[in-house]
Amino acid sequence: MNLIDLIKKEILVLDGGTGTLLQKSGLKSDEMPERWGVVNREAMIDIHRRYYDAGSNVVNTNTFGANTLHYTADELENIVKTAIENVREAARRSSSGKEKFVSYDMGPTGRLLKPYGDLAFEDAVEIFAVQARLAQKYGADLISIETMSDSYETKAALLAVKENTSLPVFVTNAYTEDETLLTGASPETMVAMLEGLGADAIGLNCSYGPDKLMGVIRRIIKVSSVPVIFKPNAGLPCVVNGESVYSIEPEEFASYIAQACEYGVNIVGGCCGTTPAYIEKVCEKINGIAQKYSEPKNLSVCACGMNSVYFGGAPVIIGERINPTGKKLVKQALRDNDIDYLIKEGIEQKNCGAQVLDVNCGLAEIDEKTVLENVTDKLQSVCGIPLQIDTSDPIAMEKALRIYNGKAMINSVNGKKESMDEIFPLVKKYGGFVVALTLDENGIPDTADERLAIAQRIIDTAANYGIGRNNLIFDPLCMTVSTDDNAAKVTLESVKLIREKTGCNTVLGVSNVSFGLPRREIINSAFFLLAMQNGLSAAIVNPKSDEMMNAYYSFLALSGFDKSCMNYIGRMSGMAVSSDEGKNDEAVKEDIIKAIIDGRDDYARSLSEKFIDETGAMNLVNEFIIPALDVIGRKFEKKEAYLPQLLMSAEAAKACFEVVKSHTDLSGSKNKYPVVLATVSGDIHDIGKNIVALLLDNYGYEVRDIGKNVSKETVLESVVKYNAKLLGLSALMTTTVPAMAETVEFIRKECPGVKIMVGGAVLTEELAERLNADAYCPDAMASVRYAESLIDL
Ligand code: B12
């Protein structure tokens, strides 16, 4: 039976972990598992066979890390071919009477994608594409993308599979304890994005034991229209007699899995620590539980790399400001490629209450295709809310949708055949929530009924492309009332009619209504209120306009969307505070700090350049850069910010730091003595250590900064090579304090003459003493004082 049909009938059983079994069969810790599986075929086939015998329908190939980053093209091809044959052979040898499928296993690259890491999105797509083509060539029945902890990399993998194969594809992510991916995406966001891209089943694997993951799996079940996969670990590992032992036994594990099936999970299995014994128990416990095949949820949603916005409840605000039409400064910014200006507009709109940002770069004199892609890329890395890709050029639209991390809003399609032919294939391929304008070859009709008729035609055509009406949001369009007395009235009727007759959401660019009239915001806000009262689901407005947002928050409070009027009260108290306009010194300081917190590197750099003479180089470090990093660090700790934001802030801090460097006089004579500086092994924080290096350099020391994540052996090598009198070690995490302890001990033993100072946010005087360091330096100045004290020794 075909795999997808089988899932409709019964709960599909995947395999369990392979790592432990491979080790038991002889894999050494320094061997590549994929290569091992090619050399030790019989042992490999036996592991797979045991899973089929235990009751698995689907067994994964031993190809988790089989990619071009780890293997040459020739070896990779041989690995994929052999790995698939191994599972196929195991299926043949198994005595189980169940339906059996061979799944090509696709794990993450192990690298972070740009802008947070160094791997370009298209390079990631190509790495996965090579594997996908081989998987299909050598006869896999499906592809399982698994253990992905970044939404953007997950998209790269899924896109590669869809573009290069016709195989069914399962996608599972690894979630953290706070129910997000490492880079911040929520389960709802992952479902929105992966469904949009055409995954056949979605879920989670690895992470923790099933007990800790019930919350995430229920959130996935609630929103997913495709089958849901649950493949957790056997609890948490602990080391007993040198061996990893997992905390959850097969019986308990299987009970959790059975419970998850009762909630609506459709595909089950195990990850790290699970064995054929777990799968056997799972099969026993789920026996008799009926498959609750996922019903379409018909949600209307868009998403960015972190969160999702749903439509159909309280109206959604879409910020209109990143659009050159009628905006001189935006035009100029687009001409000058001043992306930072657009980012500032984006952040300000978000802070004023926008939930989605419209992005329109349509200006005749620029290359819209390149600029829209670039602006989309930059905005999505710092703004943290979904984008609406707004262009009439389908090529520009595709480029932006391709690199978009999430499920975008798309602006727009209309009732003309040509428009639907161009836009719907893009919506189908990349996923998207698309604005549909009720106009066609004959223009915009005069009556609400005719606009409804166009909407119906668009719905029918979309259905032919496999796009549900939940992914359409109708814009019945509004002309100005200054030239047509009925313009607003017909539009309001259309909003109501389309909502009632089709059930679809509606959106309006509200400000069109007032072209040619004085005091436009007054009539705009009145029209906005009327439209919301007629059922408008979203509005493209200026969130920086008080009139519009006052109308919006009043509407929410008056219509029961604002519990205890909390948002209304919050806004009104916030307004009183933000009315201070003057840009005094304090305001400048706030701007630099905010630029770092928001991760705006260009802006942070330009502000630093502008004000460094006033503030002084070290003040810029102590009063701006460090406090800003403290704020983002605290937000990270409180889960108000995620790793991508931390990374973007660190980049912005670095940009300021470069300015500090270029303004600091490093010409002082280097006649003091050699100092080696390093951040210890396992720790990649180096901003603090760089400041220490800068200051010591400035004071005339011969600084040898050997970088971050440095092993104790390398530290020793440098201490000897440079004949250092003083060694400075940095560590910022509790987890890297042991590495610091080892390094100090090692250097003491090998090089007893060298003095050691330590620093970094986790250290204290007491801890430094325990580590047997000679000095603890709470800040960079302390390192200079300590270095000075050694001059005469
Ligand atoms: C920026 C930052 C990052 C950047 C680092 C970029 C870079 N190139 O350094 C990025 C985004 C990459 C990052 C990654 C991670 N980070 Co981080 N990060 C921070 C943050 C916000 C600021 C650190 C900083 O630069 N401070 C400013 C500098 C100037 O201060 P400083 O380092 O303390 O240095 C001063 C003194 O301590 C002293 N000093 C420092 N070193 C030395 C050395 C010597 C020899 C001397 C004499 C003095 C000295 O002088 C300096 C100048 O005055 C902190 C939060 C915070 N506010 O501390 C978290 C923080 C350190 N990170 C944290 C974590 C958990 C991580 C990650 C594990 C996140 C993840 N889940 O992946 C990864 C770690 C990866 C790894 N293996 O190292 C935690 C650590 C928790 C803990 N106690 O263990 C923190 C505290 C955030 C938090 N509140 O949870 N991070």
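Inter-part distance, segment 414-476 to segment 1-63, computed on C-alpha centroids, equals 46 Å.
Charge dipole (Cα centre; +1 on Lys/Arg Cβ, -1 on Asp/Glu Cβ; no other charges) of segment 675-727 amounts to roughly 100 debye. Working from Cα pairs under 8 Å separated by at least six residues, relative contact order for the chain is 7 percent. Full extension of the chain segment joining ASP211 with HIS663 gains 157.2 nm, where the gain is 0.36 nm per residue of separation less the Cα-Cα distance. Amide H to amide H, with H built 1.01 Å from N, ASP705 comes under 5 Å of LEU677, counting only residues 5 or more places away or on other chains. You can think of it this way: the chain between SER225 and ASP46 has 60.8 nm of extra reach, that is 0.36 nm per residue less the Cα-Cα gap.
Between segment 287-347 and segment 601-635, the C-alpha centres lie 30 angstrom from each other.
Here the accessible area of segment 181-285 is 51 percent carbon and sulfur, with a 1.4 angstrom probe and all protein chains present. With R₀ set to 35 Å, the beta-carbon distance separating LYS9 from ALA453 gives a calculated FRET efficiency near 0.30. The ASP484 and SER564 beta-carbon pair, evaluated with R₀ = 41 Å, returns a calculated FRET efficiency of approximately 0.50.
Peptides 438-444, 55-61 ranked from most to least packed by the mean count of surrounding Cβ atoms within 10 Å: 55-61, 438-444. Report note on the peptides 559-572, 260-273: ranked by the mean count of other C-beta atoms within 10 Å, highest first, their order is 260-273, 559-572.
Taking only the C-alpha atoms of segment 232-275, Rg followed by Dmax gives 11.8, 39 Å. Given the chain, what percent of its DSSP beta bridges are antiparallel, to the nearest 5? So the antiparallel bridges amount to about 10 percent of the total. Label positions at MET733 and GLU122, each projected 7 Å from the Cα along the C-beta direction, are separated by 3.3 nm. Between GLU769 and GLU609, the modelled labels are 4.8 nm apart [label points 7 Å from Cα along Cα→Cβ].
Of the solvent-accessible surface of segment 31-180, computed with a 1.4 Å probe and all protein chains present, 48% belongs to carbon and sulfur.
Note on LYS639 and PHE746: the extension gain reaches 34.8 nm, defined as 0.36 nm multiplied by sequence separation minus the Cα-Cα distance. Our coupling estimate for segment 56-61, obtained by passing each phi through the Karplus curve with A = 6.51, B = -1.76, C = 1.60 and θ = phi - 60°, is 5, 8, 10, 10, 7, 6 Hz, Gly and Pro reported as x.
Placing +1 on the Cβ of every Lys and Arg and -1 on the Cβ of every Asp and Glu, with nothing else charged, gives the chain a dipole about its Cα centre of roughly 1240 debye.
Placing pseudo-labels 7 Å out from each Cα toward the beta carbon at ARG92 and LYS327 gives an inter-label distance of 6.4 nm. Helix-only arithmetic for the chain: the sum of -39500 (n - 2.57) across DSSP H runs with n ≥ 4, divided by the residue total, places the mean residue ellipticity at 222 nm at -15000 deg cm²/dmol. Between amide H atoms placed 1.01 Å from N, distances below 5 Å from VAL710 occur with THR679, VAL680, SER681, GLY682, ASP683, all of them 5 or more places distant or on a separate chain. Post the alpha-carbon centroid distance, segment 106-154 to segment 717-750, in whole angstrom. With segment 106-154 and segment 717-750 each reduced to a Cα centre, they are spaced 38 Å. Across segment 450-467, rounded Karplus estimates of 3J(HN,Hα) from the backbone phi angles (6.51 cos²θ - 1.76 cosθ + 1.60, θ = phi - 60°) give 5, 5, 4, 4, 5, 4, 4, 5, 5, 4, 5, 5, 4, 4, 4, 8, x, 9 Hz, Gly and Pro being marked x. Taking the average, over residues, of other Cβ atoms within 10 Å as the packing measure, peptides 538-546, 449-457 rank 538-546, 449-457 from highest down. On segment 667-720, 50 percent of the accessible area sits on carbon and sulfur atoms, based on a 1.4 Å probe.
In percent, rounded to a whole number, the relative contact order of segment 385-425 is 42, using alpha-carbon pairs under 8 Å and six or more apart. Which of GLN380, TYR278, LEU182 sits farthest toward the positive end of the charge dipole of the chain, with +1 on the Cβ of Lys and Arg and -1 on the Cβ of Asp and Glu? The one lying farthest along the dipole's positive direction is TYR278. Projecting the Cα atoms of MET1, VAL434, ALA199 onto the charge dipole of the chain (Cβ charges, centred on the Cα centre) puts MET1 farthest toward the positive pole. Of the Cα atoms belonging to the chain, the radius of gyration and Dmax stand at 29.6, 93 Å.
Take the Cβ atoms of LEU793 and SER255, set R0 to 45 Å, and the FRET efficiency comes out at 0.10.
Accessible surface for the chain, divided over its residues, is 42 Å² per residue with a 1.4 Å probe.
The values are calculated or read from the model by the stated rules, or taken from the named source; none is laboratory data. Small disclaimer: the values here were computed from a predicted structure and weren't measured. Cβ coordinates were reconstructed from backbone atoms using ideal geometry, including for glycine residues, and neighbour counts include every protein chain displayed. Surface accessibility is based on the protein's heavy atoms, side chains included, excluding ligands, DNA and RNA. Shrake-Rupley method; radii C 1.70, N 1.55, O 1.52, S 1.80 Å.
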